[in-house]
Amino acid sequence: MDILICSPLEETTAKLERLLSSVGGARIVERTSTSHETIEVLRRHEIDLSIVGESVLEVGLAARRLLNPEQIDRMLWVAFLDRVSMPSVIKAAQYGYNDVLVAPSTSTELARELAEIVDHRRSVQTNPLLKSVDVVPGLYVRQIALGDRTDEDLVELLGLGLDDRDIGLALGISIQDVRNRLANLLEINGLSNRTQLATLHIRSQLAGWLA
Amino acid sequence: MSDFESRVTSPELEVLDVVDNPVFTDVTEEGETYTTYRIIRFVYEFSGHPQGWTHLAVVIANRTDTESEAFLRVIDRVVDESYILAIDT
């Protein structure tokens, strides 16, 4: 299994190298510390598994935006956390990581956890920390689906922080129509609240600027 | 002295006699969660309601088909605000 380690922290990279050195079949192909370096490596090599440090989880998002989707889907993406951190687990889930590794202390432990991830016996979606929160796994790697031009304007205004009543005033439609449209957009995009919709839209726009 | 009045609506009253669209979306107090309902029939109409409600209606949730009652504030044939009451399971 060809592995890429991405972390700007030397300590994290060194720890992973030490642990992986005793994991059978694991071969560290490259070490990177930024999104740019990671994208370049992924363009050159067929990587099976990317292990990404907690401080640079955006790397996974950038790769999904800039690389061939088939290549990305063939790979496994794992977030490496130094400690149990619910915000980081949520972030990894929303960014489309397959799972998280929380500070494995021995090679045996790491090998067991990696085997479970590779064999799809566990995933971030079944992480116990996420049971009690409303998370949409892979939320930010999605393309937002909109019905018509009014939906586009509605989501734009939502992202600008307007409430439903003011959105209706701006678009010249009733609040009933605004809310019915919002409910429909939440449903077709598999989202559960308006914040997710607004954030997904803003991130899609930023990705468009950066692409 | 309150001018509040409550009247049972006529059985002949059609939903579309009151609103242009029987489908409306209720929003939780936090303004986050949106649930769509369809008005089945109006039960009461109010005037001078202290909370501004104009009607009590039987509604059905689009996704779950569960029936509830809802206070509605209808302004210019539009459901301007709603409050969902007990759910009949």
Exercise for the section: Report yes if some residue within region A:188-198 is surrounded by fewer than 17 Cβ atoms within 10 Å (Cβ to Cβ), more than 27 Å from residue B:72 (Cβ to Cβ) and in contact (Cβ under 8 Å) with a residue 12 or more places away in the chain; otherwise report no. Expected result: yes
Exercise for the section: Would you check if residue A:161 is within 14 Å of another protein chain (Cβ to nearest Cβ), part of a loop (DSSP other than H, G, I, E, B) and among the small types (Gly, Ala, Ser)? Expected result: yes
Practice task
Please find, within region A:6-35, the residue that is surrounded by the most Cβ atoms within 10 Å (Cβ to Cβ) out of those that are among the hydroxyl-bearing types (Ser, Thr, Tyr) and part of a loop (DSSP other than H, G, I, E, B).
Solution key: A:7
Practice task
Can you give me the ranges of the strands (runs of 3 or more DSSP E) entirely in region B:20-89 with at least 2 residues that are within 14 Å of chain A (Cβ to nearest Cβ), at pLDDT 95 or above and over 30 Å from residue A:199 (Cβ atoms)?
Solution key: B:55-61, B:67-75
Completion exercise
Of those in region A:77-90 that are in contact with a Leu (Cβ under 8 Å, 6 or more places away or on another chain) and surrounded by fewer than 20 Cβ atoms within 10 Å (Cβ to Cβ), the residue nearest to residue A:39 (Cα to Cα) is A:81
Practice task
Look through A:196, A:205 and report the one residue that is within 12 Å of chain B (Cβ to nearest Cβ) and closer than 27 Å to residue A:69 by Cβ.
Solution key: A:196
Handout entry: Among (1) under 15 Å from the mean Cα position of the chain (by Cα); (2) surrounded by fewer than 16 Cβ atoms within 10 Å (Cβ to Cβ) - the single one residue B:63 does not satisfy
Key = (1)
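The values are calculated or read from the model by the stated rules, or taken from the named source; none is laboratory data. Remember, predicted model here, so these are calculated numbers, not experimental data. Using ideal geometry, Cβ is built from the backbone for each residue, glycine included, and neighbour counts are taken over all protein chains shown.
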